Amino acid sequence: MKSRWMVLVVALIMTASAAWAGDTKALQPPMGSRMALIVFEDLECPACAKADPLLLQAAKNYGLPLVRHDFVIPNHAWSKEAHIMARAFDKQSPQLGEEFRQYIFANQTQIYKTNLRQWADKFAAAHHTALPAFYDPDGSLRTKVEADTKLGLDLKVHQTPTIWVVTNSPQVPPTELKDQSELFQTIEKVKGEMPAAKGAPAAKKSANKS
């Protein structure tokens, strides 16, 4: 009986480890980056709008990529459509999509389901482009937004924003930010845990003076 119990425990541990290993594949920096910030956000979420300038400042200060994922809150009236619009602007250029997300966050309190399109058209005009009348004709952008939301659910995301500081080192697991005010300290902590980059000069040891 005892041996069967041990086998069951080991099997459960291996299953949990495999699930977590699968999750961490989604929490990786873009290729070529050693660290990154990853955020699951909802464009209608006030807390996400509040966090956005902080994330942008941290990304700039530390030279880190900011990887955004859609995580649509079901009871938000215009959120999903805004995320689909953002992906439509992404198709024109990733920078345009990024600026649209920042624009939506900056004007969030004035946006409603009935005027979202007007705000999107205003943004497009200011950037000398246009958002087509049918900006997701085959539903592929909606599918991507929904897939991102499912990814968040698979990662146990239950609130927005959910922010991780991630690295490309298996020795440093993804660190979920629990308090936005500790973002910079968390980045510093994760940086300190990172192994030296290959080819980086070894740190000089200070000589003891007799």
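The values are calculated or read from the model by the stated rules, or taken from the named source; none is laboratory data. Quantities reported herein were computed from a predicted structural model and do not represent experimental measurements. Neighbour counts are summed over all protein chains in view; Cβ atoms, including those assigned to glycine, are modelled from backbone coordinates with ideal geometry.
Laid out as a table, the results:
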| read-out | value |
| --- | --- |
| Filtered residue count, the range 1-50, keeping only those that are at pLDDT 75 or above and not in a helix (DSSP H, G or I) | 19 |
| Among (1) loosely packed, with under 12 Cβ neighbours inside 10 Å; (2) within 20 Å of Phe100 (Cα to Cα) - the single one Glu146 does not satisfy | (1) |
| Of residues in the range 158-175 being farther than 15 Å from Ser33 by Cα, of a type in the set (Ser, Thr, Tyr) and in contact (Cβ under 8 Å) with a residue 24 or more places away in the chain, the one surrounded by the fewest Cβ atoms within 10 Å (Cβ to Cβ) | Thr162 |
| Some residue of the range 55-63 being farther than 23 Å from Thr143 by Cα, aromatic (Phe, Trp, Tyr) and touching a residue at least 12 places away in the same chain (Cβ under 8 Å) | yes |
| Leu64 among the hydrophobic types (A, V, I, L, M, F, W, C), within 16 Å of Thr149 (Cα to Cα), modelled with pLDDT of 95 or more and part of a loop (DSSP other than H, G, I, E, B) | no |
| First in the range 187-200 and surrounded by fewer than 10 Cβ atoms within 10 Å (Cβ to Cβ), second anywhere and at pLDDT below 85, Cβ under 9 Å, 6 or more apart | Ala196/Ala202; Ala196/Ala203 |
| Total residues in the range 113-172, condition acidic (Asp, Glu) and within 20 Å of Ala49 (Cβ to Cβ) | 1 |
| Selection count where residues are in a helix (DSSP H, G or I), within 21 Å of Val67 (Cα to Cα) and not acidic (Asp, Glu), scope the range 90-122 | 14 |
| Selected residue [more than 27 Å from Asn168 (Cα to Cα), crowded, with 19+ Cβ neighbours inside 10 Å and charged (D, E, K, R)] from Lys80, Lys113 | Lys80 |
| Candidate set from the range 124-148 (those that are hydroxyl-bearing (Ser, Thr, Tyr) and part of a loop (DSSP other than H, G, I, E, B)); member that is farthest from the chain's Cα centre (by Cα) | Thr129 |
| Pro53 being under 24 Å from Leu27 (Cα atoms), assigned to a helix (DSSP H, G or I) and out of contact with any Asp or Glu (no Cβ under 8 Å at 6 or more places or on another chain) | yes |
| Positions within the range 46-77 being farther than 20 Å from Gln159 by Cβ and either surrounded by 20 or more Cβ atoms within 10 Å (Cβ to Cβ) or hydrophobic (A, V, I, L, M, F, W, C) (or both), in sequence order | Leu56, Ala59, Leu64 |
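Residues checked against (1) crowded, with 16+ Cβ neighbours inside 10 Å; (2) within 24 Å of Pro30 (Cβ to Cβ); (3) among the hydroxyl-bearing types (Ser, Thr, Tyr); (4) in contact (Cβ under 8 Å) with a residue 40 or more places away in the chain:
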{"position": "Asp90", "(1), (2), (3), (4)": "yes, yes, no, no"}
{"position": "Phe123", "(1), (2), (3), (4)": "yes, no, no, no"}
{"position": "Asp136", "(1), (2), (3), (4)": "yes, no, no, yes"}
{"position": "Leu141", "(1), (2), (3), (4)": "yes, yes, no, yes"}
